Amino acid sequence: MDNLTGFFSALVSPDFPFVRNAFFAGALSSILFGLLGSVVTVKRIASLAGAISHAVLGGIGIALYLSATGKVPSLSPMVGAIVFALLSALLIGTASLKSKQREDTVIQAIWAIGMSIGVLFMAKTPGYSDPSSYLFGNILLISTQDLWLLLSLDVVVILLIWRYYEQIEATAFDEEFAQVRGIPTRMVFLVILAVTAIAVVLLQTFVGIVMVIAMLTLPAGTAGFGARNLASMMVASTIYSFIFSTAGLGAGWVLDAPVGAMVVVIAGLFYLSVLLANVLRKRRRRA
């Protein structure tokens, strides 16, 4: 109880700005997890988003190597990650649209190649480059600049979804009908992947590359049990994401455990509980 009280005290104390930054990062990330996660879940492209999230390690490794060796001084790992993320999104999206039968092979290849390139370049980077910080993240190290970047992406994603909601909803639930209505479904699909790719780069600072895909699917999957349409699913998913991130931050403080892992564990346990409750409810109805 004392630890929990200490967490709330640290949250409002000027002596612990990193805790406050982590809280705001969780809130801003929740918007991306809720909105994009709902689209990813409904369109069933979680595996595509997962491949992109892992492939960005290649861009991070190359950027670290070029910066450390002086070939491209002061090159930010985020720049390399964004470039790799967009390239991966383009390759995966094109493969998904053109070669459905080879889609899984392409996804797994990009996933494995991207991560391997990252590990190789990190191994050759002068000094020690620990990939675990990028794989698992640390929300307590998030900076004010990261918060502004998250806020900017939140605004862009909200505006895009507000402007093109009907097209997104149509392509998400019935792509053939959307094509009949004249909606450029392929372009919508590629734009969704591109925006998701950029979001993945920023969100990996929150829960890490390995765990970002979980937070793109678990809150949305939980919201999907009671949602009536895509909009309600987005709202509920955003709320769930905020609850999970705040609870994980508090639990990490109290238990002295990695916050990112705590967030995903809490989200996963809650999702499984709701899933089990729905299964039992259906059995009772049949009985």
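A few points about this structure:
- 1 or more residues crowded, with 21+ Cβ neighbours inside 10 Å: qualifying helices (runs of 4 or more DSSP H) within the range 135-251: 144-163, 165-173, 185-224
- Within the range 69-96, the set of residues being crowded, with 18+ Cβ neighbours inside 10 Å and either farther than 16 Å from T196 by Cα or of a type in the set (G, A, S) (or both) comprises P77, G80, A81, A85, S88, A89, G93, A95, S96.
- Any hit, the range 204-224, residues being over 16 Å from the mean Cα position of the chain (by Cα) and without any contact (Cβ under 8 Å) to a residue 40 or more places away in the chain: no
- Residues within the range 14-37 that are without any contact (Cβ under 8 Å) to a residue 60 or more places away in the chain and in contact with a helix residue (DSSP H, G or I) (Cβ under 8 Å, 6 or more places away or on another chain), tallied: 2
Read-outs throughout are calculated quantities, based only on the coordinates presented, and are distinct from any laboratory measurement. Quick caveat, the model's predicted, so the values are computed rather than measured. No Cβ is skipped: glycine too gets one built from the backbone with ideal geometry, and neighbour counts run over all protein chains shown.
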